[in-house]
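Visitor: Mind having a look at this structure? Questions to follow.
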Amino acid sequence: MAKGPVIVLTGTPGTGKSTHAELLVNESPIPLRTINVSEWVKERGLYEKYDEEWQSYTVDEDRLLDELESIVAEGGLILDWHSCEVFPERWADLVVVLRCDHSKLWERLEKRGYPLKKIQENNEAEIMQVVLEEARSSYPPQIVIELQSETMEHLETNVARIVEWIKQWSTNQESS
């Protein structure tokens, strides 16, 4: 039995995934660790090439999944990434899609120094609900939740809600 749930925390870049993950690790009633998948890919060289124009790595998905398999099996994990469909359905206990108003998202990405083309593409993806649709088509509807992530209040409410979900998950594990 896994010692904790596997939570996929996803959303367009700039929606607050890493901030949410950090707070969840601190506030979770059971120990969780977080993997920022983008950083993980860079650190471990799990990519095929670096795309200068988009300033991003082309991920070697097979190697990524091989590296993560045993870690995911242990449970108690938050996978923080802008994509979720690559993760097998059996991995996820909860998929959280963070959403942000596109004008606020634009500001956040500008502050990160993203090139205009990348800001535009991410903004369009957010408007078109690309990540949300990806989550909905990859996982059972009952484990996918969509949360707004624009203010500190949203952040606190979202984390509290996920902490409650973790408590419920733990209770269900004990009684099964």
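Visitor: Taking the Cα centre of the stretch 107-176 as origin, work out the dipole magnitude from +1 charges on Lys and Arg Cβ and -1 charges on Asp and Glu Cβ, in debye rounded to 20.
Guide: Values: 8 positive and 13 negative charges, 43 e Å.
Dipole size: approximately 200 debye.
Visitor: Let me ask you something else. Among residues other than L9 whose Cβ falls under 15 Å from its Cβ, what is the net charge (Lys/Arg +1, Asp/Glu -1)? Provide the component values of the computation, followed by the final result.
Guide: Numbers: positive: K17, R33, R99, R161; negative: E22, E27, E39, D80, E85, D93, E134, E146.
Net of charged neighbours comes to -4.
Visitor: Out of Y50, L64, V8, whose Cα points farthest toward the positive end of the dipole of the stretch 1-69 (charges: +1 Lys, Arg; -1 Asp, Glu; placed on Cβ)?
Guide: Of Y50, L64, V8, it is V8.
Visitor: If we count every other residue with Cβ under 14 angstrom of V72's Cβ, Lys/Arg +1 and Asp/Glu -1, where does the sum land?
Guide: On the way: positive: K3, R33, R90; negative: D66, E67, E69, E74, D80, E89, D93.
Neighbourhood net charge equals -4.
Visitor: Hey, another quick one. Work out the charge dipole of the chain with +1 on the Cβ of Lys and Arg and -1 on the Cβ of Asp and Glu about the Cα centre, then indicate which of A73, G113, S176 is farthest towards its positive end.
Guide: Value computed over the given set: S176.
Visitor: Sorted from largest down, give the three principal axis spans of the alpha carbons of the chain, whole angstrom values.
Guide: Principal extents (largest minus smallest coordinate, Cα): 51, 37, 29 Å.
Visitor: What translational diffusion coefficient, in µm²/s and rounded to a whole number, does the Stokes-Einstein relation yield for the stretch 1-85 at 10 °C and a viscosity of 1.306 mPa s, taking the hydrodynamic radius as the Kirkwood radius over Cα pairs?
Guide: Details: Rh = 13.6 Å.
Using the Kirkwood radius from Cα pairs, D works out to 117 µm²/s.
Visitor: So how exposed is T19, as accessible area in Å² (1.4 Å probe, rounded to 10)?
Guide: Approximately 70 Å² for this residue.
Visitor: I'd like the orientation of helix 116-127 relative to the chain: the angle between its Cα long axis and the longest Cα principal axis, in ° from 0 to 90, rounded to 10.
Guide: Tilt of helix 116-127: around 40 degrees.
Visitor: Looking at the chain, send over the antiparallel percent of its DSSP beta bridges, to the nearest 5. Can you show the working numbers first?
Guide: Details: 4 of 23 bridges.
Given both bridge residues lie in the chain, the antiparallel proportion sits at roughly 15 percent.
Visitor: Right, another one. Within a Cβ distance under 15 Å of G45, other residues only, what is the Lys/Arg minus Asp/Glu net charge?
Guide: On the way: positive: K42, R44, K49, R63; negative: E39, E43, E48, D60, E61, D62, D66, E67.
Net local charge, G45 excluded: -4.
Visitor: Tell me, what HN-Hα J-couplings in whole Hz come from the Karplus equation 6.51 cos²θ - 1.76 cosθ + 1.60 at θ = phi - 60° for each residue of the stretch 130-138, using x for Gly and Pro?
Guide: 4, 5, 4, 5, 4, 5, 5, 8, 9
Visitor: Taking θ = phi - 60°, what integer Hz values does the Karplus form 6.51 cos²θ - 1.76 cosθ + 1.60 yield along the stretch 17-23, in sequence order, with x for Gly and Pro?
Guide: Going residue by residue, I get 4, 5, 5, 4, 4, 4, 5 Hz, with x marking Gly and Pro.
Visitor: Just how large is the dipole of the stretch 1-113 about the Cα centre, in debye to the nearest 20, putting +1 at every Lys and Arg Cβ and -1 at every Asp and Glu Cβ?
Guide: Numbers: 13 positive and 22 negative charges, 94 e Å.
Once rounded to the nearest 20, the dipole reads 460 debye.
Visitor: List the lysines whose Cα lies under 27 Å from the Cα of K111, skipping any in the same chain that are fewer than 8 positions away.
Guide: Partners within reach: K17, K42, K49.
Visitor: Output wanted: per-residue J couplings in Hz (rounded whole) for the stretch 72-81, from phi through Karplus 6.51 cos²θ - 1.76 cosθ + 1.60, θ = phi - 60°, x for Gly and Pro.
Guide: 5, 4, 6, x, x, 9, 10, 9, 9, 7
Visitor: Quick one: pull the percentage of alpha-carbon pairs in the stretch 100-176 with a separation above 21 Å.
Guide: On the way: 1375 of 2926 pairs.
Everything past 21 Å amounts to 47 percent.
The values are calculated or read from the model by the stated rules, or taken from the named source; none is laboratory data. Keep in mind the model is a prediction, meaning the values are calculated, not measured. Here the Cβ is made from the backbone with ideal geometry for all residues, glycine too, and neighbour counts use every protein chain on show. Accessible surface is based on the protein model in full, side chains and every heavy atom, while ligands, DNA and RNA are left aside. Shrake-Rupley method; radii C 1.70, N 1.55, O 1.52, S 1.80 Å.
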